[in-house]
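The values are calculated or read from the model by the stated rules, or taken from the named source; none is laboratory data. Just so we're clear, the structure is a prediction, and the values are computed from it rather than from any experiment. Neighbour counts are summed over all protein chains in view; Cβ atoms, including those assigned to glycine, are modelled from backbone coordinates with ideal geometry. Surface accessibility is based on the protein's heavy atoms, side chains included, excluding ligands, DNA and RNA. Shrake-Rupley method; radii C 1.70, N 1.55, O 1.52, S 1.80 Å.
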Amino acid sequence: QRSLVALQPEAVSDPAAVALGDLAPGAEQVVVLAWVTATDAAQEEETVTALRGTTVDALLAATRDAWGTFLGRAARLESPDPRVDDLLEGMVVTVRTQQTWLGGVSPMSRYSLMWLRDTAGAVRFFLRMGLHEEARAMLDYLHLAAVMRGDIANALRLDYAPDPPPAEPDWAALPPMEGRTSAEGPSHLPLMALWYHQATGDASLVEAQYEFLKRAVLAQNVDQDGLQGFSGDETYRAALAASLGLDLEHDFVACCTSANSSFLYVAAANALALLASVLSRPADEAALRERADLVRAAAEAVYWSPGDSDGVSGGGSYAPFRDRAAPDPLPPPFEDVSLAPLWVGYSSPDDPRQQQNVATVVGRLGRDDGSVQSALDPSYQKFLGLDVVEGVYTGMVPGFSLYSLALVDHPRAEAAFNLLGRAASPSGNYAEYQIHDDHSALQVLYNPAGGIGDMTARYRPWEGGINLDALVVYLAGFEPDMIAGHHRLAPRLPNGWPSMRWTGLRAGADRLDLVVEQVKGVRRVTVTPTTGGTLTLYVEVPLPAATVRSVSVNGAPRPADAWWVWAPFGETRVQLGATTATAAAPLVIEVEHEAATR
């Protein structure tokens, strides 16, 4: 229930019509009203009493201070473009405002549940930004909600607060998962657990949730051929159908096997296998890797389309699905699925097949504005009177694209980075679905009062988290790995930026600052730990296509055989072996170079 309450003055018969009386020149009358939401009269009275026990100024000051403290714990970017800095900080705020006091996170725009898939975007972004505690709260609540429900679910309530929590189910004794948990969604659980462990070095989460995470992998439906179907809740299904001229509610679950489910499953099984090795469970590790290998072999055999040898349709790439009744030909690549392998960790960027996949997807679907977009079938152009001709896309595609292009150093990565700004709404958010023609939110109906206008959600921790996580990867290349005991950095200066500074990047209990500068023909990267002891770092220096003249570390020239260049798409990435840094002895790498002649 919702009530309008007059806090000042209190003796008001109708808070919607407060009589101010006559005011002399220069006089003022202060009126304080509050919308109070509650589940019953007692809860409303409790809230009103609390509000009357303070002041508006005190509440504003406490709110300001709380946000300052919170943002002070997050990594921070200082770049020459304030729009980029603001977009990054704004998404931290977007995600945090959608996290409940119990820890769960939800896209609170037409939704009121916690989704397995959606949580992954928020967790990954917050871990990258050093907000480990908030990410842990999301994962703990997700586990608690599954315990309360009695099993893993695609979406879970946000309001469980048992005291004490109930005992966990016997996860291994539960039957195989069905419906929307038979594939796709549950794979995000082991992935998030691995990301958390790599960022924090904290084994307590996987120790407490191991059997739960194991069920998330082994209870999924993998058929006798090693293939998986659709969950039926994939965000991209309508866009995929529209690109192929199918009904928007096309039943992919009934007709088809899913490449995306396979990519996620392989990554999840390998993630849990790594965590099993950390917990010294060799039998589980072997079984999980065997399971991953089975599904990978099937995915490579079924979804890889080699393309035409004459180059008309480009080289090889992954198809998004296979129709069981009509397996040939495979459908063309589709951005949400074909750009997923690198993002989910299905394979690595130095895999030639992944490089070929990215090249083909960009070659076939790349647009002049830096986007990767499947064409809209003519039957859906101007659909329902909407001004849509070029296509529609899910809000996380800009992040999937930027992440993949950054990892393989594709020359279109800078354009994909700039697209993040154009695809963002005025408030710096990304919608569930967006129109490619002008990158606005897809809104089928509009009600000026807001009642039914939000036909695709606008305020999203899933899409926004993925997109801004990709921004951090592109700009800083920061990959903390407490399991391996070393961390990676691969910073860039796009758009001719002369410099960039990151503060508060976090790995476990350690923090570090990163400064990147371009001084004439020298790219200088300085890494300064601000806490803890010695950090082991692998620092790589991505550049536009260039000839490298020399490399030095802490002022000492490195011989030519102590560094190398990786250039799968013609851009230049200088790679070094392991280096170390401390607060007293920062790491300074200088790469002297000149632009290559194209």
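Among the candidates A193, A216, A199, A183, single out the residue that is crowded, with 20+ Cβ neighbours inside 10 Å, among the small types (G, A, S), touching a strand residue (DSSP E or B) at 6+ places or on another chain (Cβ under 9 Å) and part of a helix (DSSP H, G or I). Going through A193, A216, A199, A183 in turn, just one is crowded, with 20+ Cβ neighbours inside 10 Å, among the small types (G, A, S), touching a strand residue (DSSP E or B) at 6+ places or on another chain (Cβ under 9 Å) and part of a helix (DSSP H, G or I): A199. Pairs are defined by a Cβ separation below 6 Å, a sequence spacing of at least 6 or placement on different chains, a first member in region 183-211 that is in contact (Cβ under 8 Å) with a residue 12 or more places away in the chain and under 26 Å from S231 (Cα atoms), and a second member that is of a type in the set (A, V, I, L, M) and part of a loop (DSSP other than H, G, I, E, B); the pairs so defined are P186/I152. State whether the residues of region 223-237 include one that is open to solvent by 10 Å² or more (accessible area, probe 1.4 Å) and of a type in the set (A, V, I, L, M). No: zero hits.
Yes or no, residue by residue, for (1) under 22 Å from G226 (Cα atoms); (2) open to solvent by 20 Å² or more (accessible area, probe 1.4 Å):
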site	(1), (2)
E335	no, no
L339	yes, no
L342	yes, no
G345	yes, yes
Q356	no, yes
R364	no, yes
G370	no, no
S374	no, no
D377	no, yes
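Within region 126-139, residues that are closer than 17 Å to W115 by Cα sit with their Cβ atoms under 8 Å from residues that are of a type in the set (F, W, Y), at 6+ positions apart or across chains, in these pairs: E134/F126; A135/F126; A135/Y196; R136/Y196; M138/F126; L139/Y196.
Residues of region 241-253 include none that is within 18 Å of T119 (Cβ to Cβ), touching an Asp or Glu at 6+ places or on another chain (Cβ under 8 Å) and open to solvent by less than 20 Å² (accessible area, probe 1.4 Å).
Somewhere in region 382-402, is a residue closer than 17 Å to Y474 by Cα and either open to solvent by 10 Å² or more (accessible area, probe 1.4 Å) or in contact with a strand residue (DSSP E or B) (Cβ under 6 Å, 6 or more places away or on another chain) (or both)? Yes: one or more hits.
Considering only region 555-565, I want to know if a residue exists there that is part of a strand (DSSP E or B), of a type in the set (V, I, T) and over 25 Å from D351 (Cα atoms). The answer is no, given that none of the residues of region 555-565 is part of a strand (DSSP E or B), of a type in the set (V, I, T) and over 25 Å from D351 (Cα atoms).
Answer yes or no as to whether G316 is touching a strand residue (DSSP E or B) at 6+ places or on another chain (Cβ under 9 Å), farther than 28 Å from F383 by Cβ, touching a residue at least 40 places away in the same chain (Cβ under 8 Å) and small (G, A, S). Yes; evaluated as a whole, the condition is true for this residue. Filtered by the rule that a residue be open to solvent by 70 Å² or more (accessible area, probe 1.4 Å) and either of a type in the set (S, T, Y) or touching a Gly at 6+ places or on another chain (Cβ under 7 Å) (or both), region 30-51 gives T37, T39, T49. Of the residues screened, T54 is one that is open to solvent by less than 70 Å² (accessible area, probe 1.4 Å), in a loop (DSSP other than H, G, I, E, B) and modelled with pLDDT of 95 or more. Here the condition is being charged (D, E, K, R) and touching an Asp or Glu at 6+ places or on another chain (Cβ under 7 Å); of R180, R215, R237, R149, it holds for R180 alone. Is at least one residue of region 281-289 in a helix (DSSP H, G or I), of a type in the set (D, E) and more than 24 Å from the chain's Cα centre (by Cα)? Checked region 281-289: at least one residue is in a helix (DSSP H, G or I), of a type in the set (D, E) and more than 24 Å from the chain's Cα centre (by Cα).
For A583, state whether it is under 16 Å from T526 (Cα atoms), open to solvent by 40 Å² or more (accessible area, probe 1.4 Å), within 29 Å of the chain's Cα centre (by Cα) and not acidic (D, E).
Details: under 16 Å from T526 (Cα atoms): yes; open to solvent by 40 Å² or more (accessible area, probe 1.4 Å): yes; within 29 Å of the chain's Cα centre (by Cα): no; not acidic (D, E): yes.
Here the answer is no, as A583 does not meet what is asked.
Which of the following residues is open to solvent by less than 10 Å² (accessible area, probe 1.4 Å) and within 14 Å of T119 (Cα to Cα): L205, L142? I'd like the intermediate steps shown before the answer.
Values: L205 fails: within 14 Å of T119 (Cα to Cα).
Only one candidate qualifies: L142.
Return a yes/no flag: does region 163-177 have any residue that is open to solvent by 40 Å² or more (accessible area, probe 1.4 Å), within 29 Å of F125 (Cα to Cα) and either touching a strand residue (DSSP E or B) at 6+ places or on another chain (Cβ under 6 Å) or small (G, A, S) (or both). Checking region 163-177: not a single residue is open to solvent by 40 Å² or more (accessible area, probe 1.4 Å), within 29 Å of F125 (Cα to Cα) and either touching a strand residue (DSSP E or B) at 6+ places or on another chain (Cβ under 6 Å) or small (G, A, S) (or both).
Among what's in region 76-112 and is among the hydroxyl-bearing types (S, T, Y) and open to solvent by less than 40 Å² (accessible area, probe 1.4 Å), pick the residue that is modelled with the lowest pLDDT. I'd like the intermediate steps shown before the answer.
Within region 76-112, the subset among the hydroxyl-bearing types (S, T, Y) is 79, 94, 97, 100, 106, 109, 111-112.
Filter once more, so that each one left must be open to solvent by less than 40 Å² (accessible area, probe 1.4 Å): 79, 94, 100, 106, 109.
On the way: S79: 98, T94: 95, T100: 95, S106: 94, S109: 74.
Top of the filtered list is S109.
Looking across region 256-280 at every residue that is touching a helix residue (DSSP H, G or I) at 6+ places or on another chain (Cβ under 8 Å) and not in a helix (DSSP H, G or I), the one that is surrounded by the fewest Cβ atoms within 10 Å (Cβ to Cβ) is identified as L279.
Against the criterion of being open to solvent by 80 Å² or more (accessible area, probe 1.4 Å) and in a loop (DSSP other than H, G, I, E, B), A11 qualifies.
Let's see how each residue does on (1) assigned to a loop (DSSP other than H, G, I, E, B); (2) within 23 Å of I466 (Cα to Cα); (3) under 27 Å from the mean Cα position of the chain (by Cα):
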site: E44; (1), (2), (3): no, no, no
site: L71; (1), (2), (3): no, yes, yes
site: A74; (1), (2), (3): yes, yes, yes
site: R83; (1), (2), (3): no, yes, yes
site: V95; (1), (2), (3): no, yes, yes
